[in-house]
1. Need one word for the range 56-129: rounded, prolate or oblate. Basis is the Cα gyration tensor (sqrt eigenvalues a ≥ b ≥ c); a/c below 1.5 gives rounded, then a/b vs b/c decides.
2. Indicate the helices, whole DSSP H runs only, in the chain that combine a mean Kyte-Doolittle hydropathy of -0.5 or more with a Cα extent along their long axis of 27 angstrom or more.
3. FRET efficiency for residue 27 and residue 287, Cβ-Cβ distance as r, R0 = 35 Å, nearest 0.05?
4. Report the relative contact order of the range 109-234, percent, no decimals, based on alpha-carbon pairs under 8 angstrom and at least 6 residues apart.
5. For the range 71-175, with the dipole built from +1 on Lys and Arg beta-carbon atoms and -1 on Asp and Glu ones, taken about the Cα centre, which of 155, 117, 170 lies farthest toward the positive end?
6. Modelled label-to-label distance, residue 272 and residue 298, 7 Å Cα→beta-carbon offset: nm?
7. If Lys and Arg each add +1 and Asp and Glu each add -1, what is the summed charge of the other residues whose beta carbon sits under 11 Å from the beta carbon of residue 11?
8. State the percentage of accessible surface on the range 1-120 attributable to carbon and sulfur atoms; use a 1.4 Å probe and exclude ligands, DNA and RNA.
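The values are calculated or read from the model by the stated rules, or taken from the named source; none is laboratory data. If you're wondering where the values come from, they're calculated on a predicted model, not measured in any experiment. FYI the Cβ positions are ideal-geometry reconstructions off the backbone, even for glycines, and counts take in every protein chain you see. Heavy atoms of the whole protein, side chains included, go into the accessibility calculation; ligands, DNA and RNA do not. Shrake-Rupley method; radii C 1.70, N 1.55, O 1.52, S 1.80 Å.
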Amino acid sequence: MPPLVSVVTLTYNRCQSVLELLEALSAQDYAHYEVILVDNNSADNTVEIVRSRYPDVKVLRCPQNFGMVSYNFGLANANGEYVIVIDDDGLPASPDWISQIVDRFESDPSLGAVACTIRMKDTGRIAYDSPQFIPEGDPARGFPTAAYNGTGAGLRMEALRQVGYYPFHFFRSWLELHLCTRLIEAGWQVRYFPSLEVWHCRPTGSVYRPVTYYGLRNYLWYVWTFYPWPYWIQETLHFLGSRLKLTWRRPASLRLLAKATIDAFLGWPRFASTRQPISSQTLNYLRRIRRHRNDYGLVPEYRRFPAPSPSNA
């Protein structure tokens with residue numbers, strides 16, 4: 001029997017998106033998988049509707065909205081040898097998506113995470129936050145990347161048990177990089193496979209993580225958690241300087257940067273005990289990757305989202 005795969009998704013007041021995702025998953029050619037839906041206390045009857053239409057889906061309802069870290073509840077309840085995380089506004093781009101992820105894991109025991117190409121549904125273009133990678137390797141073995149994009153990715157449960165899940169105090173933003181940094185430091189491979197694509201159904205340009213509150217605050221916490229001395233000081237100054245240039249002459253963005261920075265400094269003492277500096281080798285590896293782009297012509301620059309068949313229209 002093929003290995004069990006746990007597909008974990010998270011939602012908050014997006015019932016229609018969840019139903020579209022569950023329909024897409026039902027069309028996958030990989031039969032041995034379970035689906036776990038974590039609901040962040042939605043008020044749109046998501047739980048009731050999913051339970052009535054998809055009784056085989058394991059639904060976990062949070063008592064409140066814990067943000068993206070609610071994925072942890074799904075990961076903790078997953079029974080699979082491999083876990084696939086996919087946001088409720090993500091859709092597999094091919095019916096063999098799960099099968100291909102499993103094949104990558106089965107062929108490389110050192111592989112801790114599989115990163116996929118993220119393509120925007122409304123434009124057909126590669127998302128700005130699709131994984132950055134070094135174009136060294138080949139499509140079959142994958143390419144070095146610092147982190148996957150949680151819109152759709154694969155994880156090896158053995159690796160998760162070793163390094164843990166997402167940092168609960170982050171709420172959202174930079175969770176994937178935090179987890180993948182621990183994976184890489186522990187000796188696991190995080191690789192990007194261009195042909196494994198996921199459609200992101202949110203409108204292009206609706207979120208730009210580097211200038212959101214959590215994107216700003218959490219990146220500082222990420223640096224203070226992992227960067228060894230004195231690199232954490234250098235990166236902090238570089239980050240704040242670059243963001244100041246990015247938000248200059250934008251009063252609202254400047255206020256946001258100031259608030260996020262102040263909150264980062266004030267909040268850090270509560271989490272300072274989580275600091276776990278990585279080796280200089282891992283740091284240099286991550287820095288090298290993050291200087292690269294996310295597109296080298298390995299997949300089409302543009303791909304049209306397939307129109308629904310008449311029976312599903």
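1. oblate
2. Span-like helices here: 251-271.
3. Computed FRET efficiency for residue 27 and residue 287: 0.30.
4. 34
5. 170
6. Each label point lies 7 Å from its Cα, and together they span 4.1 nm.
7. -3
8. In the range 1-120, the share of accessible area belonging to carbon and sulfur is 49 percent.
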